[in-house]
Amino acid sequence: MSRSSVSRKNSRYEFPSPPHFTDALRREKVQSALPDIHHLLEQWAVDNHVPGLAVGLVMDNALVHEFFYGVQNVETNAPVTHETRFRIASMSKSFVAMAILKLRDEKRLRLDDRAAKYIPELKALVYPTGDSPDITLRHLLTMSPGFPEDNPWGDRQMAITDREFSKWLRAGIPFSNAPNVTFEYSNYAYAILARVVTRVSGSAFQKYITKNILFPLGMTATTWNKKRVPQEHFALGYRWEDETFKPEPILADGAFAGMAGLFTTIPDFARYMNFLLDAFPPREDMETGPVIRATAREMQQLARFEELVERKTAQDATWHAASGYGFGLAIWHDDFLGYGVSHGGGLPGYGSYFYLLSNHGIGIVALTNKTYSGIGRTFPELWVRLAKTGGLHPRRAVPARILQEICHVVQRWLEGGDDAEFVSAAADNFFLDSDLQHRYAALEKIRAELGAFQHVGEIVALNALRAKWTIECERGALDVMLTLAPTMPPKLQMLNLTPRVSNEK
């Protein structure tokens, strides 16, 4: 029996079943946009001189669509296929983060441990201020150790040896900020984390991640070593320069490669995206992944704020987003898509991007073989076109039984029901905040303004203990929202009544 099932069985409050999708045709609706998306991506590839492009759409724990364009090898004209291996560059970082968290779950390290505990070369690091905290693993995971942003310098360092890396660390690292102050993207941070994985596990980070993360997910076509990529499936990297494609050197898998070294295919990376998506919603199913679902969700939570940005589409639609970083993943909260998880990748010869809508059970990945191709800039438009199908909706929360009961108590009171039942459902703060007499007077004013109730809408759960619904009235509508208190059993702590007078005469 799981821990969650024990707590539910012994509790006076029963947590409801997980949020769920309510549209049985959501997949068909989303897929109706695919021809339009194909055209958009093909035109983008032509306009941006991209030799090859591979795209995957995952939904409900499945790879539901693949799209391929162009060639993996300009010289032989070999086409991109589902077996083509692209280097995914910084999309590799979350695998290193997952390895760190797996070791944490096994109690072999702690995220708030000093990095110097595992990397002795850092003990001599000279900090920028006397009050700087020692760099921890958490700082490295969240891009906040204070190191300077190191693109594109870091992209050229993957092939260095362990000996060279140690020499660099002993020489010190300059700071652009004090640690734990702000986000600043750092390849160096993830190269150090990869070395931590090596030191703690006793196995090279490439071998540890392959054995403990890639293989359990069935990612058998994914590798750190370019020599293990079959030549007939290798996407060679190019830059567009002087009106022609020029081959880029493929950097070796060295001591710095934890920040950007993986090669993969669309089907393989789809397995990884599906695993991250499957961490939502929290539930009582058996654990089957390389890390537990709670850990996979932890990776996908905002840990360090970065900035506010504007996103624009081809139709000049604009929406605002707050961006930040979790553990090896970029985290977004915006006014169109809501909560999202992503990461891009760019190296000489490659450009890639993926984006997950965890509450929607859907994700997109795109891989290219052009230097810093900027494929991620197409994603806002991709999401807009998918949303227009009407199939892009998040799971609906399920109200706890006690929430449903109290919603009905409140509705009966709004309709002139028994005060005693209403009073009994309230937490101790409720009538201290506004007594029954004043609440009744406010309700009478609303009734006079809106007229008689005509139709009570569906109760919509915002979470297990918060809900809203709308009552249509003669002269407008009344929006009702309530929240239950953290008491056992939960009781009514807040009730908002918002009248909306109709403009119709």
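No value in this document is a laboratory result; all are computed from the given coordinates. Predicted model, so just to flag it, every value in this text is computed and none were measured. A quick note on method: Cβ atoms are made from the backbone with ideal geometry, for glycine too, and the neighbour counts reach across all protein chains shown.
Using +1 at the C-beta of Lys and Arg and -1 at the C-beta of Asp and Glu, which of G346, T244, L308 has the Cα lying farthest in the positive direction of the dipole of the chain? Going by the charge dipole, the pick is G346. Full extension of the chain between V423 and E287 gives 44.6 nm of extra length, using 0.36 nm per residue less the Cα-Cα distance.
In a reduced charge model with +1 at each Lys and Arg Cβ and -1 at each Asp and Glu Cβ, the chain shows a dipole moment near 1700 debye about its Cα centre. From a point 7 Å beyond the Cα of T220 in the direction of its Cβ, which residues of the range 255-284 have a backbone N at a distance under 13 Å? Flagged as within label range: 268.
Treating r as the C-beta distance of K246 and F305 and R0 as 51 Å, the FRET efficiency rounds to 0.85. A simple count of charges around D334, restricted to other residues whose Cβ falls under 15 Å of its Cβ and scoring Lys, Arg +1 and Asp, Glu -1, yields -3. The charge dipole of the range 401-501, taken about its Cα centre with unit charges on the Cβ atoms of Lys, Arg (+1), Asp and Glu (-1) only, comes to about 260 debye.
Rounded to the nearest 10 degrees, the angle from helix 187-201 to the longest Cα principal axis of the chain is 90 degrees. Would the range 401-501 count as rounded, prolate or oblate if I go by the C-alpha gyration tensor, calling it rounded below 1.5 in a/c and otherwise prolate when a/b exceeds b/c, oblate otherwise? Oblate is the answer for the range 401-501, as a/c is 1.5 or above yet b/c matches or exceeds a/b.
Among residues other than E184 with Cβ under 13 Å from its Cβ, the summed charge is -3 (Lys and Arg +1, Asp and Glu -1). Holding the Cα-Cα limit at 21 Å, pick out from K93/K388; K226/K246; K246/K312; K93/K246; K93/K123 the pairs that are longer than that. Going by Cα-Cα distance, K93/K388; K246/K312; K93/K246; K93/K123 fall outside the 21 Å limit. Placing a label point 7 Å from the Cα of H20 along the Cα-to-Cβ direction, the residues of the range 283-321 with a backbone N closer than 17 Å are 283-286. Sites listed here are GluC sites (Glu not before Pro) in the range 464-504 whose DSSP assignment is loop and whose Cβ has at most 14 other Cβ atoms within 10 Å: E474, E504.
Between 0 and 90 degrees, the angle of helix 162-171 with respect to the longest Cα principal axis of the chain falls at about 70 degrees. Basic side chains Lys and Arg get +1 at the Cβ, acidic Asp and Glu get -1 at the Cβ, and with that the dipole of the range 359-416 about its Cα centre reaches some 240 debye.
Placing a pseudo-label 7 Å from each Cα along the Cα-to-Cβ vector at K167 and M481 gives an inter-label distance of 6.1 nm.
Given R0 = 51 Å, the distance between the Cβ atoms of S176 and Q231 translates into a calculated FRET efficiency of 0.80.
Against the main long axis of the alpha-carbon atoms of the chain, helix 436-450 sits at an angle near 90°. P(r) for the chain, from all Cα pairs and a bin width of 20 Å, is 20, 46, 26, 7, 0 %, short bins first.
Dividing the summed helix terms, -39500 (n - 2.57) for each DSSP H run of n ≥ 4, by the number of residues in the chain produces a 222 nm estimate of -8000 deg cm²/dmol to the nearest 500. Looking at the range 207-246, the GluC sites (Glu not before Pro) that sit in a DSSP loop and have at most 14 other Cβ atoms within 10 Å of their own Cβ are E243. Suppose R0 equals 22 Å. What FRET efficiency, 1/(1 + (r/R0)^6) with r the Cβ-Cβ distance, do K211 and R108 give to the nearest 0.05? Computed FRET efficiency for K211 and R108 comes out at 0.90. Cross-link candidates for K445: which aspartates and glutamates have Cα within less than 18 Å, leaving aside residues fewer than 8 places away along the same chain? Cα-Cα hits under 18 Å: E415, D419, D435, E472, E474, D479. Since only Q493, L122, T318 are under comparison, the one whose Cα sits farthest along the positive direction of the charge dipole of the chain, derived from C-beta charges on Lys, Arg, Asp and Glu, is L122. Label sites at D60 and H393, each approximated as a point 7 angstrom past Cα along Cα to Cβ, lie 1.4 nm apart. Can you tally the net charge around I250? Count Lys and Arg as +1, Asp and Glu as -1, for every other residue whose Cβ sits under 9 Å from the Cβ of I250. Within the 9 Å Cβ shell, the charges total +1.
The modelled label-to-label distance for the pair D335/E75, using points 7 Å beyond Cα in the direction of Cβ, is 5.2 nm.
Given Cα pairs under 8 Å that are at least 6 residues apart, what percent is the relative contact order of the range 397-505? Computed value for the range 397-505: 27 percent relative contact order.
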